[in-house]
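To keep things clear, I will list the structure first and then write my remarks on it.
The values are calculated or read from the model by the stated rules, or taken from the named source; none is laboratory data. Since we're looking at a predicted model, the values are computed, not measured. For neighbour counting, all protein chains shown are included, and Cβ atoms are generated from backbone atoms with ideal geometry for every residue, glycine included. These accessible areas exclude ligands, DNA and RNA; they are computed on the full protein's heavy atoms, side chains included. Shrake-Rupley method; radii C 1.70, N 1.55, O 1.52, S 1.80 Å.
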Amino acid sequence: AQSVTQLDSQVPVFEEAPVELRCNYSSSVSVYLFWYVQYPNQGLQLLLKYLSGSTLVESINGFEAEFNKSQTSFHLRKPSVHISDTAEYFCAVKRGGSYIPTFGRGTSLIVHP
Amino acid sequence: GAGVSQSPRYKVAKRGQDVALRCDPISGHVSLFWYQQALGQGPEFLTYFQNEAQLDKSGLPSDRFFAERPEGSVSTLKIQRTQQEDSAVYLCASSLPGQASSYNSPLHFGNGTRLTVT
């Protein structure tokens, strides 16, 4: 079975500082990778996804994630965070041939003014 | 509606009671998923429907949990004889594709139902 590890349960950071949220997954022949964000009192929503092609994927609000096959990682980064980025971030992996994504435990990003 | 709707938003049940949680997926979405999210944890898979067919129920923790989607749209997750360990947020998600070639499709989540068993 696929497993997803988000080592950091909480990441505090000051506004305008860079941030990296880490995600590692157990190896598989082919995977599809996702980051979801959950703002307070809201449902999870897709932030970005890696399907194939370029290993660097970007979201519309400045986040990016890089697929690293050799390290089985899909870390999420943002060069300058905003207060409004405060939320829970979940990494998810779908093994090729499966309908069902497996989620990590989540990382709480807390942006301080 | 515009998104996935779940009701009730909050549910408090006494241990031993039965509960029913409802999910209205986005209109036309073929695939429907139920997840359980315990406090401080990520969503854990419970069951998956493609239209009215329950294709995977491997995540249901016990035979007290039952899910149905009789007409391929609205789904209900029922928990019988609730226990304290059932306390969690139950998430429903849907996605449009139901084809094997669409494994990369993202999920659209509802806001969840927070179940508290006292």
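See the values below:
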read-out: All lysines inside 20 Å of A:K78 as judged from Cα atoms, apart from same-chain residues fewer than 8 positions distant; value: A:K49
read-out: Accessible area in square angstrom per residue, segment B:20-96, 1.4 angstrom probe; value: 44
read-out: Equivalent-ellipsoid semi-axes of segment A:7-65, from the Cα gyration tensor, Å, largest first; value: 22, 14, 14
read-out: Estimated FRET transfer efficiency when R0 is 41 angstrom, pair B:Q84-A:S26 (beta carbons, to 0.05); value: 0.85
read-out: Lysines whose Cα lies under 19 Å from that of B:K11, excluding same-chain neighbours fewer than 8 positions away; value: B:K78
read-out: Where only alpha carbons of chain A are counted, the Rg and the Dmax (Å); value: 13.5, 44
read-out: Antiparallel content of DSSP bridges confined to the protein assembly as shown, in %, to 5; value: 90
read-out: By average C-beta atoms within 10 angstrom, highest first, the peptides A:74-83, A:95-104; value: A:95-104, A:74-83
read-out: Compactness of chain B - radius of gyration and Dmax, Cα, Å; value: 13.6, 44
read-out: Cysteines in the protein assembly as shown lacking a second Cys C-beta under 4.7 Å; value: none
read-out: Chains B and A together, accessible area buried on both sides, 1.4 angstrom probe, square angstrom; value: 1900
read-out: Averaged over A:92-105, number of beta-carbon atoms from partner chains that fall within 10 Å; value: 5
read-out: Average accessible surface area per residue within segment A:4-112, 1.4 Å rolling probe, Å²; value: 47
read-out: Portion, in percent, of the accessible area of the protein assembly as shown that falls on carbon or sulfur, probe 1.4 Å; value: 48
read-out: FRET E, pair B:Y10, B:E71, Förster distance 35 Å, beta-carbon r, rounded to 0.05; value: 0.85
read-out: Cα centroid separation - segment B:32-98 against segment A:36-109, whole Å; value: 23
read-out: For segment A:59-68, Karplus couplings with θ = phi - 60° (6.51, -1.76, 1.60), whole Hz, Gly/Pro x; value: 9, 6, 10, x, 7, 9, 9, 10, 7, 10
read-out: For the protein assembly as shown: span of alpha carbons on each principal axis (Å, largest first); value: 48, 41, 33
